[in-house]
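In what follows, a single structure is set out as structure tokens and then discussed.
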Number of protein chains: 2
Amino acid sequence: MKIITISREFGSGGRELGKRLADALGIPCYDHQIIDLVAEKENLDKAYVANRSEKDIRAFYPTTIARGFSRPNYALQQTIQIMASEQEIIRKLAGESDCVIVGRAADIILSEYKPFRIFVCADELSKLSRCYSRAETDEKMTDKEILRKCREIDRHRASYRSMFTDKKWGLASGYDLCVNTTEKEIKSLIPALTAYINAWYSEEKTK
Amino acid sequence: MKIITISREFGSGGRELGKRLADALGIPCYDHQIIDLVAEKENLDKAYVANRSEKDIRAFYPTTIARGFSRPNYALQQTIQIMASEQEIIRKLAGESDCVIVGRAADIILSEYKPFRIFVCADELSKLSRCYSRAETDEKMTDKEILRKCREIDRHRASYRSMFTDKKWGLASGYDLCVNTTEKEIKSLIPALTAYINAWYSEEKTK
């Protein structure tokens, strides 16, 4: 069973890497589709689910006694519901077939499958140029603002992951392989990565 | 030109990985041999050179005014000399042929060669069991003492590296690939790693 999970720094090209790797291996890649499935299942707006996804639910805890647990906290309840639904869908997808799953702490959620866990990173200059090439032409953000945004999203991801494990997000020993995309075209990394994964799984079989 | 550098956490099996990888690729691996060459060149004891190697020279700076720079500081002078000699030898070896070089900030020292930079890591439990299997039978250290020793050696390596670069030791974005050896036999990782490196260099050629 080939379950490959991609954790990634924002701007590192992790999503593209996941997609291209899945194509090379001939298996499906699940990324945004998970959001769509959750939205459908919970009958919620996609953008709303996307906004809640990969966020630490503790951000929605009451912060003062006056806004205590005794009052209904819909934001918290709904975020917990979305999280539960997302986990269920991730487990269902992994149970159906070999696949690549991008983000959403899938490496931890699917630990019983012993997934091959990839972390994708890049240096800041490289992330910056990747963000530029993706941005709409009317988006006007300074380098500083872009990098602040990248770090903020990564902080959310790290915090989300910390709900499931004490292994720190982005720390190499929490993944099987960390791939650095700095100054690389993502597609140029795929042959090497595919070769690694094929050899990894054929080694597993001989055990 | 295939120059592969191995940075490694103490107890992660990085040295064994370097040796086995070099064997698989049919190229030499330089590790302790560098110490021997430095000792020979500087006419110093091998154990003494080994003790000074991969240590931050700032550890040998005078710490009080009374022990100021005006007095000759032989420990500092000799450590600088060993460091310079080590760099010269690393450059010479890399200039001679494709090779794997373990440790000694070779990834930074040889940056003009654009080496393929590997970082080898493992979780603490795995490092502990690797240290046990290596230890002499009369060595009696508690788990806590072993892990303290591992962290101390890694701190020295990080500090040594920080003399050459502002890229933090062990941070994934400073290497091309981070390999996690947790619960793995090193030799089981070699086919995958060899496949990755061969594909990496054949991709480089097509550029």
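The values are calculated or read from the model by the stated rules, or taken from the named source; none is laboratory data. Remember, predicted model here, so these are calculated numbers, not experimental data. Every residue, glycine among them, receives a Cβ derived from its backbone with ideal geometry; neighbour counts consider all protein chains shown. To get the accessible areas, we keep the full protein, side chains included, count just its heavy atoms, and leave off ligands, DNA and RNA. Shrake-Rupley method; radii C 1.70, N 1.55, O 1.52, S 1.80 Å.
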query = When the chain is fully extended, how far beyond the present Cα-Cα distance does B:K205 get from B:I80, taking 0.36 nm per residue of separation?
reply = 41.2 nm
task = Put a label point 7 Å from Cα along the Cβ direction on B:S159, then list its distances to the equivalent points in the other copies in nm, shortest first.
result = 3.5
key: Nearest-ten-degree value, helix B:143-161 long axis tilted from longest Cα axis of chain B   = 80 degrees
task = Please list the non-local residues whose amide H lies under 5 Å from the amide H of A:D123, H modeled 1.01 Å from N, same-chain partners needing a gap of 5 or more.
result = A:T182
message = Run the helix sum for chain B: -39,500 (n - 2.57) per DSSP H stretch of 4+ residues, divided by residue count, reported at 222 nm to the nearest 500 deg cm²/dmol.
response = -16500 deg cm²/dmol
key: 5 angstrom amide H check on A:T5, placed H, neighbours 5+ away   = A:I101, A:F116, A:R117, A:I118
task = Quick one: grab the alpha carbon gyration tensor of the stretch A:116-207, order the square roots of its eigenvalues as a ≥ b ≥ c, and give me rounded if a/c is under 1.5, else prolate or oblate depending on whether a/b is larger than b/c.
result = oblate
task = Note the buried accessible area between A and B here, summed over both chains, with a 1.4 Å probe, in Å² to the nearest 100.
result = 2100 Å²
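With 19 Å as the limit, write out which pairs from B:K55/B:K167; B:K149/B:K187; A:K2/B:K2; A:K207/B:K127; A:K167/B:K127; A:K140/A:K184 have Cα-Cα distances beyond it, or answer none.
In this structure, B:K149/B:K187; A:K2/B:K2; A:K207/B:K127; A:K140/A:K184 exceed 19 Å between Cα atoms.
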message = In chain B, if the dipole is taken from +1 on Lys/Arg beta carbons and -1 on Asp/Glu beta carbons about the Cα centre, which of B:L76, B:S129, B:P191 is farthest to the positive end?
response = B:L76
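Using a 1.4 angstrom probe on the protein heavy atoms only, could you order A:Y132, B:Y196, B:Y30 from most to least accessible area? Please list the in-between numbers first.
Values: A:Y132 110, B:Y196 0, B:Y30 40 Å².
Reading off the accessible areas and sorting them downward yields A:Y132, B:Y30, B:Y196.
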query = How far is the Cα center of the stretch B:1-25 from the Cα center of the stretch B:98-140, in Å?
reply = 7 Å
message = Need the list of aspartates and glutamates near B:K19 for cross-linking: C-alpha distance under 13 angstrom, and skip anything on the same chain fewer than eight residues off.
response = B:D31
Heavy-atom accessible area per residue - the stretch B:114-207, 1.4 Å, Å² = 55 Å²
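Could you tell me the calculated FRET efficiency between A:Q33 and B:S129, based on Cβ-Cβ distance and R0 = 51 angstrom, to the nearest 0.05? Present the calculation step by step, with values, prior to reporting the outcome.
Working: r = 40 Å, r/R0 = 0.79.
Computed FRET efficiency for A:Q33 and B:S129: 0.80.
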task = Report, in degrees rounded to the nearest 10, the 0 to 90 angle that the Cα long axis of helix B:14-25 makes with the longest principal axis of chain B.
result = 40 degrees
At least 50 Å² accessible surface lost relative to isolated chain, residues of the stretch A:157-196 (1.4 Å probe) = A:A172, A:S173, A:C178, A:N180, A:K184, A:A192, A:Y196
inquiry  = Place a point 7 Å from the Cα of A:D23 along the Cα-to-Cβ direction; which residues of the stretch A:184-203 have their backbone N under 16 Å from it?
reply    = A:185-194
request  = Tally up the carbon and sulfur contribution to the accessible surface of the stretch A:3-206 as a whole percent, 1.4 Å probe, everything protein left in place.
outcome  = 52 percent
message = Please report, for B:E204, the nm distances (one decimal) from its label point, 7 Å out from Cα along the beta-carbon direction, to the equivalent points in the remaining copies, shortest first.
response = 2.9
key: Whole-Å distance, taken between Cα centres, linking the stretch B:153-201 and the stretch A:157-207   = 13 Å
key: 7 Å along Cα→Cβ, label-point gaps from A:R134 to other copies, nm, shortest first   = 4.0
Added length on full extension, which subtracts the Cα-Cα distance from 0.36 nm per residue, A:K114 to A:K167 = 17.5 nm
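What shape does chain A take by its C-alpha gyration tensor, where a ≥ b ≥ c are the square roots of the eigenvalues and a/c under 1.5 counts as rounded, a/b above b/c as prolate, and the rest as oblate?
Numbers: a/c = 1.84, a/b = 1.27, b/c = 1.46.
Oblate.
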task = Please work out whether the protein assembly as shown counts as rounded, prolate or oblate from its C-alpha gyration tensor, where a ≥ b ≥ c are the square roots of the eigenvalues and a/c under 1.5 means rounded, while otherwise a/b larger than b/c means prolate and anything else oblate?
result = prolate
request  = With only Lys, Arg, Asp and Glu charged, each at its Cβ (+1 for the first two, -1 for the last two), find how big the charge dipole of chain B is about the Cα centre; round to the nearest 20 debye.
outcome  = 480 debye
task = Please work through chain A and write down the cysteines that have no neighbouring cysteine Cβ at a distance under 4.7 Å.
result = A:C29, A:C99, A:C121, A:C131, A:C150
inquiry  = Using only Cα atoms and rounding to the nearest 10 degrees, what angle (0 to 90) does helix B:32-42 make with the longest principal axis of chain B?
reply    = 40 degrees
